[in-house]
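I have placed the structure first, in the form of structure tokens, so that the comments after it can refer back to it.
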Amino acid sequence: MTIASAMEGISFHAMTMEKLRIVFMGTPEFAVGILDTIIKNNYNVVGVITAADKPAGRGQKIKYSAVKEYALANNIMLMQPPNLKDEGFLSELKAVNANLHIVVAFRMLPEVVWKMPKLGTFNLHASLLPNYRGAAPINWAIINGDSKTGVTTFFIDDKIDTGAIILSSGIDISPDENAGQLHDRLMQLGSETVLETLSLIEKGNVAIRIQKEDPEIKTAYKLNKENCKIDWTKSAAEIYNLIRGLSPYPSAWCLISEEKEEWNVKIHAAKMTLEHHDFGIGSVICSKKEMKIAVKDGFIEVLSIQFPGKKKMSTPELLNGMTFSENARAH
């Protein structure tokens with residue numbers, strides 16, 4: 001039975017056990033953790049596909065993806081096609097003779113690529129699908145104040161993160177956890193789930209589950225300047241969740257102004273306090289070592305902040321060299 005026919009039903013059982021020849025596709029550090037686990041468990045990775053090199057930083061120096069760095073260090077055959085439909089690339093990919101593709105934090109694949117291997121192409125996604133399909137599932141689970149998330153492996157189809165589910169595994173989100181900390185825990189959970197998925201495929205014992213559509217499904221929208229900006233009229237919990245959901249990257253931001261000056265600042269870490277007060281929303285209240293910003297149901301205490309052109313610093317470090325008047329406002 002083929003993967004394609006399996007997706008029309010509910011399960012897939014291979015006729016014979018087959019030695020896996022894997023092509024791995026991914027770009028960021030999250031993908032490296034999964035690839036490393038696959039390699040260290042003696043699976044045969046015959047090729048790696050990652051993003052093309054891009055200039056980065058002020059000097060616009062060429063920067064390799066985390067997956068490329070790993071592939072080079074481990075002498076794995078590497079492909080970096082600018083166009084996944086390019087005939088030269090497709091010929092090169094076919095020549096590798098892989099029977100399984102694994103995708104982790106890459107980009108949408110054309111049908112000719114995901115249908116190529118005999119055993120199909122599966123993706124590891126950092127959410128409990130169908131929730132948080134899209135580009136930033138780890139961030140949005142925290143931003144929305146969820147108490148649980150997880151990872152899912154699924155066979156790729158022609159839409160984004162909608163394919164038939166192979167395995168899913170959940171974990172609790174700590175009330176004070178940030179996106180970076182959750183990222184690391186999901187990378188470990190994802191590694192374990194990918195190994196379980198590989199074992200099922202290797203043994204020809206995969207049972208798939210079709211994703212059900214529901215109007216209540218949450219989406220992992222691409223992060224941009226607008227949805228990373230703090231709205232100080234929201235509740236303390238909503239603002240706190242945004243800050244930790246965007247920490248350490250790309251970071252929540254806002255404007256702080258006083259008198260004739262205004263700064264675009266990033267807030268990397270904070271605490272929230274729920275209490276009644278008489279300050280105006282957005283008022284910046286400082287002592288020698290503490291900065292609080294008033295919101296409608298309490299305060300957001302800023303623990304780590306970054307001013308334009310400056311390094312990230314703790315609030316005591318900032319206030320050691322900078323003072324704010326009682327007219328300072330965050331907006």
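The values are calculated or read from the model by the stated rules, or taken from the named source; none is laboratory data. Given the structure is predicted, the values throughout are model-derived calculations rather than measurements. Glycine also receives a Cβ, built like all others from the backbone with ideal geometry; neighbour counts cover every protein chain displayed. Accessible surface is based on the protein model in full, side chains and every heavy atom, while ligands, DNA and RNA are left aside. Shrake-Rupley method; radii C 1.70, N 1.55, O 1.52, S 1.80 Å.
Observations, loosely collected:
- Solvent-accessible area per residue, Å², over the chain with all protein chains present [probe radius 1.4 Å]: 51 Å²
- Taking all protein chains together, E301, E92 sort by accessible area into E92, E301, largest first [probe 1.4 Å].
- As a fraction of the 1.4 Å probe accessible area of the chain, surface on carbon and sulfur atoms comes out at 51 percent.
- Converting phi to 3J(HN,Hα) with the Karplus coefficients 6.51, -1.76 and 1.60 and the offset θ = phi - 60°, region 302-307 yields 7, 9, 8, 9, 9, 8 Hz in sequence order, with x at every glycine or proline.
- Under 9 Å, Cβ to Cβ, from C254 - net charge with Lys/Arg +1 and Asp/Glu -1: +1
- Of the residues N97, N131, Y43, the one whose Cα sits farthest towards the positive end of the charge dipole of the chain is N97 (charges of +1 on Lys and Arg Cβ, -1 on Asp and Glu Cβ, taken about the Cα centre).
- In a reduced charge model with +1 at each Lys and Arg Cβ and -1 at each Asp and Glu Cβ, the chain shows a dipole moment near 760 debye about its Cα centre.
- Length gained on full extension, K203 to E87, computed as 0.36 nm times the residue gap minus the Cα-Cα distance: 38.5 nm.
- Distant-in-sequence amide H partners of L78 (H built 1.01 Å from N, under 5 Å): V48
- Candidate lysines for bridging to K63, where Cα separation is under 16 Å - those fewer than 8 sequence places away on the same chain excluded: K54
- Rounded to the nearest 20, the size of the Cβ-charge dipole of region 176-307 about its Cα centre is 220 debye, with Lys and Arg at +1 and Asp and Glu at -1.
- Between region 196-226 and region 244-288, the alpha-carbon center distance in angstrom: 36 Å
- Each Lys and Arg contributes +1 and each Asp and Glu -1, all at the Cβ; summed about the Cα centre of region 61-197, the dipole is approximately 380 debye.
- Rolling a 1.4 Å probe over the protein chains gives E69 an accessible area of about 100 Å².
- Among the listed pairs K68/K229; K148/K271; K61/K311; K115/K225, those with a Cα-Cα distance over 29 Å are K68/K229; K115/K225.
- Neighbourhood charge, 11 Å Cβ-Cβ cut-off, centred on V113 and excluding it, Lys, Arg +1 and Asp, Glu -1: +2
- Distance between the C-alpha centres of region 80-119 and region 132-170: 22 Å, rounded to the whole angstrom.
- With θ taken as phi - 60° and the Karplus curve 6.51 cos²θ - 1.76 cosθ + 1.60 applied, the whole-hertz 3J(HN,Hα) list for region 237-248 is 5, 4, 5, 4, 5, 5, 4, 6, x, 10, 9, x Hz, x standing for glycine and proline.
- Accessible area (Å², 1.4 Å probe, nearest 10) - R185: 100 Å²
- Straight-distance candidates among the aspartates and glutamates for linking to K159, with alpha-carbon spacing under 14 Å and chain neighbours fewer than 8 residues away dropped: E111, E213.
- In the chain, helical runs assigned H by DSSP with n ≥ 4 each contribute -39500 (n - 2.57); averaged across all residues and rounded to the nearest 500, the mean residue ellipticity at 222 nm is -7500 deg cm²/dmol.
- When Cα extents along the principal axes in Å is calculated for this entry, the matching label among [x] 80, 44, 31; [y] 57, 39, 34; [z] 73, 44, 31 is [z].
- One Cα centroid belongs to region 63-79, the other to region 294-318; the line between them spans 37 Å.
- For the chain, the relative contact order works out to 15 percent when only alpha carbon pairs closer than 8 Å and six or more residues apart are counted.
- Taking region 222-331 and dividing mean pair separation by its residue count, relative contact order in percent (alpha carbons under 8 Å, at least six apart): 28 percent
- Modelled this way, with points 7 Å down the Cα-to-C-beta line, the labels at N74 and S257 are 5.1 nm from one another.
- Residues in region 314-330 carry Karplus couplings, in order, of 6, 4, x, 4, 4, 6, 5, x, 9, 10, 10, 7, 5, 8, 5, 9, 9 Hz; the curve used is 6.51 cos²θ - 1.76 cosθ + 1.60 with θ = phi - 60°, and Gly or Pro positions show x.
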